[in-house]
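S.K.: Okay, here's the structure, questions in a sec.
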Amino acid sequence: MANKFSEQLEKIIRGGSRPLGFGQYAAPAKPRLFVLAEAQTMDNGIKLKGIDAVLVPGPCKCPAKKSEILMGCSIRENIEHKGCDFVVLDLEGAIVGIEENTARVLQIGGDLTDAQLRALGGLDAAALIADAGLGDSLIFRDLLAVQRLVDFYGKTLLLRLPKIYGKAEMQALSDRGIAGVVVDGAKIDTAALRKAIEELEPKKKGKEKSTAIVNCPPPAAHTEETEPEIEPDEDE
């Protein structure tokens, strides 16, 4: 389903293309992580620097005027929303009452099974906001948890961050294949976050390594070649 949220998200994570025509020397935009910040009010949210989207708790009435920052609200059943580019729902949210040009974004905790995560990929959602339970410092188990979310969901995944990690840790999270991050705008310096993200290298698209299991049939039994029998000469 085409909508402003999906189009802008795709443009950011894929990177901009080089302009066509003579005299156009602008370099294409480098792919980067999408930045979504949570705020208590829309007025506070759109003042945050370096973000691509702002999310406020519902009910909300997003301003009708166009903005480069995507605006959305978190809703549940019977909560009003108007003028949003996207709405965020949990798995208990209603599937009706949302306009066609408004993107649906699902949010989950870390308690879903592998099968449930895989099934989420079949739902009509523009992205998934996931919480991997990350702490103040990252360990390999955290990376494993993030990789599990990315692999089983298989679509656009936005990861909740409790803080701005160091460059190596941020790069490790980016390399897992996440599409973006979600932060609390009241606790995180979003301008510093954006700067840290722009310093990351895009995930390299290397060749997939896979181990093929081939069942080879047993070799055929060796048969000795026998010399053809020579018929005796009739004269003998």
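The values are calculated or read from the model by the stated rules, or taken from the named source; none is laboratory data. Note that the coordinates shown come from a computational prediction; the quantities given were computed from them, not determined experimentally. No Cβ is skipped: glycine too gets one built from the backbone with ideal geometry, and neighbour counts run over all protein chains shown. Surface areas here come from the heavy atoms of the whole protein model, side chains and all, with no ligands, DNA or RNA. Shrake-Rupley method; radii C 1.70, N 1.55, O 1.52, S 1.80 Å.
S.K.: Once R0 is set to 30 Å, what does the formula 1/(1 + (r/R0)^6) return for the Cβ-Cβ distance between ALA94 and LYS49, expressed as a FRET efficiency to the nearest 0.05?
M.R.: That pair, ALA94 with LYS49, gives E of 0.30.
S.K.: Want the number for ALA168 to LYS11: 0.36 nm per residue separation, take away the alpha-carbon distance, what's left?
M.R.: Answer, rounded to one decimal: 54.0 nm.
S.K.: Along the Cα→Cβ direction, 7 angstrom out, place labels at ARG141 and ASP189. What is the inter-label distance in nm?
M.R.: Here the modelled spin labels are 3.1 nm apart.
S.K.: Additional query: Using the basic label-point model (7 angstrom from Cα toward the beta carbon), what is the LYS203 to ASN101 distance in nanometres?
M.R.: 3.2 nm
S.K.: Once you list every other residue whose beta carbon is under 10 Å from the beta carbon of LEU117, what net charge do they have if Lys and Arg are +1 and Asp and Glu are -1?
M.R.: After counting each charged neighbour, the total is 0.
S.K.: Quick one: accessible surface of ARG76, probe radius 1.4 Å, all protein chains present, in square angstrom to the nearest 10.
M.R.: Roll a 1.4 Å probe over it and ARG76 shows about 130 Å².
S.K.: For region 41-121, rounded, prolate or oblate, judged on the Cα gyration tensor with a ≥ b ≥ c (square roots of eigenvalues), a/c < 1.5 rounded, else prolate if a/b > b/c?
M.R.: Prolate is the answer for region 41-121, as a/c is 1.5 or above and a/b outweighs b/c.
S.K.: Which whole-number percent is the relative contact order of region 78-136 (Cα, under 8 Å, 6+ apart)?
M.R.: The value is 33 percent.
S.K.: Taking a probe of 1.4 angstrom, what is the accessible area of MET71 in Å², to the nearest 10?
M.R.: Roll a 1.4 Å probe over it and MET71 shows about 10 Å².
S.K.: Now a separate question. Check region 34-199 and count each lysine pair with an alpha-carbon distance under 26 angstrom, considering only pairs eight or more places apart or from different chains.
M.R.: Here the count comes out as 29.
S.K.: Each residue of region 98-114 in order: what ³J(HN,Hα) in whole Hz does its phi give by Karplus 6.51 cos²θ - 1.76 cosθ + 1.60, θ = phi - 60°, with x for Gly and Pro?
M.R.: 10, 5, 5, 8, 9, 6, 9, 10, 8, 10, 9, x, x, 9, 7, 6, 4
S.K.: When the dipole is taken about the Cα centre of region 104-204, and only Lys, Arg (+1) and Asp, Glu (-1) are charged at their Cβ, what size is it in debye, to the nearest 20?
M.R.: That gives region 104-204 a dipole magnitude of about 140 debye.
S.K.: Continuing with the same structure: Can you compute the charge dipole magnitude of region 62-160 about its Cα centre, using +1 on each Lys and Arg Cβ and -1 on each Asp and Glu Cβ, nothing else charged? Give it in debye, rounded to the nearest 20.
M.R.: With Lys and Arg at +1 and Asp and Glu at -1, about 200 debye.
S.K.: Restricting things to alpha carbons, tell me how big region 34-199 is in terms of Rg and Dmax, in Å.
M.R.: 15.6, 44
S.K.: For region 34-199, with only Lys/Arg (+1) and Asp/Glu (-1) charged at the beta-carbon, what is the dipole magnitude about the Cα centre, in debye rounded to 20?
M.R.: 340 debye
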